[in-house]
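Undergrad: Following this message is one structure expressed as structure tokens.
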Amino acid sequence: MPLLNKVRTAAVSGGSRGDTASLSLARLRLALTLFFALDGFLFAGWVVRIPAIKEQTGASAGDLGLALLGVSAGAVVTMTLTGRLCRRYGSHPVTVATAVLLSLSLALPALTRSPLALGLVLLLFGAAYGGINVAMNSAAVDLVAALRRPVMPSFHAAFSLGGMLGAGLGGLVAGSLSPTAHLIALTGAGLLLTAAAGPVLLRHPSPAPPEQLRTDAPGERPAGSRRAVLVFGVIALCTAYGEGALADWGALHLAQDLQAHPGIAAAGYSLFALTMTAGRLSGTALLERLGQTRTVVVGGLTAGAGMLLGALAPTVWAALLGFAVTGLGLANIFPVAVARAGALAGPSGVATASTLGYGGMLLGPPSIGFLADWFSLPVALTTVAVLAAGAAAMGYASRNTGVRATS
């Protein structure tokens, strides 16, 4: 990898070229961190206004569900396309372009007056959301390789922090601002941040080694690499399944099965999200100490044990402890899976892992619902533990895949 070796050699020599390279990578890292935070912030801002948009459009629960499928459909379709765009134009320009599209499309749901119109604009919003996730993760994979430090979790921590900030701010202004004013304000904030951080990405090309860019075409990758990318995608799916399940069913489990106070029940997912963010903030140190394989294995087993406690505990406080442990365990599995897939196959690998992971977040809530009808909600939630343990097993089985990436 000549380019990486040049960066490292120059930096070690202490010359001006090394200082310039280090400063360039630091600026890229800051800019990418801001884009990850922006993505979480904007998406959370939309989510907290869904009830108001439902009322505004006169949608029934079924109509709203169909309209919200537009986000999922747009994201899944665009993720695969974005991998190709990143190979052709570079992940940095695609990140900036999709950030602009995400910011602009965020204002559109507030302008709709029917479920059909809402579903159509959410297709565009979902396309932008899926696109920026693939593009910025692809850029992050290249930067991680150039830095030679496992900093991928820090980017996902920024996404989590942005989401918490967006949800908190949205809750504060929901009573005083109309959805139109709120979402247009978020559009303005998104465009301003993109204008501030975007030029950094546009001025600096991706630090990916030329060999990776040349071998990124799907037809040029060995079959073993394609299979390995799929494995890492399934690992991401197992993690996202748990996140989606707890987001939609965690509070109901606490309230319905354990008779928790509504405020405490609502805090269940917040506690899960908080510990997941904390786990990602400490993820780089953990990866440097344990390596990627052991981080996935330990994380999966920890999450499995935590979710068994959260699902089957007889008391509210024990269940909350289980939710917290689950968040810590799942925190770094998705970032590692995406990083491993990207190291093997570049933007195509990121697109595959992201698409499968996003599919897991969509699969989780309805699967839990069906299983809860057939058995019970606590039993249904144990599937989160099963899939977390499965992620640990797959992580261990793939320990020799891309050995350089696992060290």
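The values are calculated or read from the model by the stated rules, or taken from the named source; none is laboratory data. These figures come from a predicted structure and were not determined experimentally. Because the Cβ atoms are built from the backbone with ideal geometry, glycine has one as well, and the counts that use them run over all protein chains shown. The accessibility values were calculated without ligands, DNA or RNA, using every heavy atom of the protein model including side chains. Shrake-Rupley method; radii C 1.70, N 1.55, O 1.52, S 1.80 Å.
Undergrad: What list of ³J(HN,Hα) couplings, whole Hz, do you get for region 188-195 from phi and the Karplus terms 6.51, -1.76, 1.60, once you set θ to phi - 60° and write x for glycine and proline?
TA: So the Karplus estimates, Gly and Pro as x, are x, 5, x, 5, 5, 5, 5, 5 Hz.
Undergrad: Using the Cα centre as the reference, give the magnitude of the dipole from point charges on the C-beta atoms of the chain (Lys, Arg: +1; Asp, Glu: -1; all else neutral), rounded to the nearest 20 debye.
TA: So the dipole magnitude of the chain works out to roughly 1400 debye.
Undergrad: Next question, about the same structure. What does a probe at Arg203 reach in region 134-162, counting residues whose amide N is under 15 Å from the point 7 Å along Cα→Cβ?
TA: none
Undergrad: Per residue, what volume in Å³ does the convex hull of the Cα atoms of region 322-365 enclose? Walk me through the intermediate numbers first.
TA: Working: hull volume 2.4 nm³, N = 44.
Hull volume normalised by residue count: 54 Å³.
Undergrad: Taking 35 Å as R0, compute the FRET efficiency from the Cβ-Cβ separation of Val386 and Leu81 and round it to 0.05. Let's see the in-between values first.
TA: Numbers: r = 33 Å, r/R0 = 0.93.
E(calc), rounded to 0.05, equals 0.60.
Undergrad: Take peptides 316-324, 156-164 and line them up by average Cβ neighbours within 10 Å, highest first, as a rough protection proxy.
TA: Values: 316-324: 19.8, 156-164: 22.7.
Order by mean packing, descending: 156-164, 316-324.
Undergrad: Place the peptides 273-283, 348-358, 52-62 in order of packing, highest mean first, counting for every residue the other Cβ atoms within 10 Å and averaging per peptide.
TA: Numbers: 273-283: 20.7, 348-358: 27.9, 52-62: 14.8.
Ranked by mean Cβ neighbours within 10 Å, highest first: 348-358, 273-283, 52-62.
Undergrad: Roll a 1.4 angstrom probe over the protein heavy atoms and tell me the percent of accessible area of region 262-371 that is carbon or sulfur.
TA: Numbers: 2950 of 3830 Å².
The C+S portion of the solvent-accessible surface of region 262-371 is 77 percent.
Undergrad: Hey, another quick one. In nm, give the distance between the simple-model label positions of Gln256 and Tyr396, each being 7 Å from the Cα along the Cα-to-Cβ direction.
TA: Between Gln256 and Tyr396, the label points sit 3.4 nm apart.
Undergrad: Output the Cα-based Rg and Dmax of region 93-212 in Å, rounding Rg to one decimal and Dmax to a whole number.
TA: For region 93-212, the Cα radius of gyration and maximum Cα-Cα distance read 16.5, 54 Å.
Undergrad: State the percent of C-alpha pairs, over all pairs in region 50-135, separated by a distance greater than 22 angstrom.
TA: Summing the P(r) of region 50-135 above 22 Å gives 28 percent of all pairs.
Undergrad: If you take the C-alpha gyration tensor of region 265-407, multiply each eigenvalue by 5 and take the square root, what semi-axes do you get, largest first, in whole Å?
TA: On the way: eigenvalues 147, 60, 34 Å².
Output for region 265-407: semi-axes of 27, 17, 13 Å.
Undergrad: From largest accessible area down, sort Trp374, Trp249; use a 1.4 Å probe on the protein chains.
TA: Numbers: Trp374 180, Trp249 55 Å².
The ordering from most to least exposed comes out as Trp374, Trp249.
Undergrad: OK, next. Å³ per residue of the Cα convex hull, for region 237-293? Before the final figure, lay out the partial values.
TA: Working: hull volume 5.2 nm³, N = 57.
Measuring per residue, one finds 91 Å³ for the Cα hull of region 237-293.
Undergrad: Sticking with this one: Hey, any idea what Rg/Rh is for region 25-76, computing Rh the Kirkwood way over Cα pairs?
TA: Here the Rg-to-Rh quotient is 1.19.
Undergrad: Suppose each label sits 7 Å from its Cα in the direction of the beta carbon; what would the Ser22-Leu120 distance come out to in nanometres?
TA: The answer from the label model is 5.5 nm.
Undergrad: Tell me, what does the Kirkwood hydrodynamic radius of the chain come to in angstroms if you use every pair of distinct C-alpha atoms? List each step's numbers first, then the result.
TA: Values: mean 1/r = 0.0465 Å⁻¹.
One over the average 1/r among Cα pairs gives 21.5 Å for the chain.
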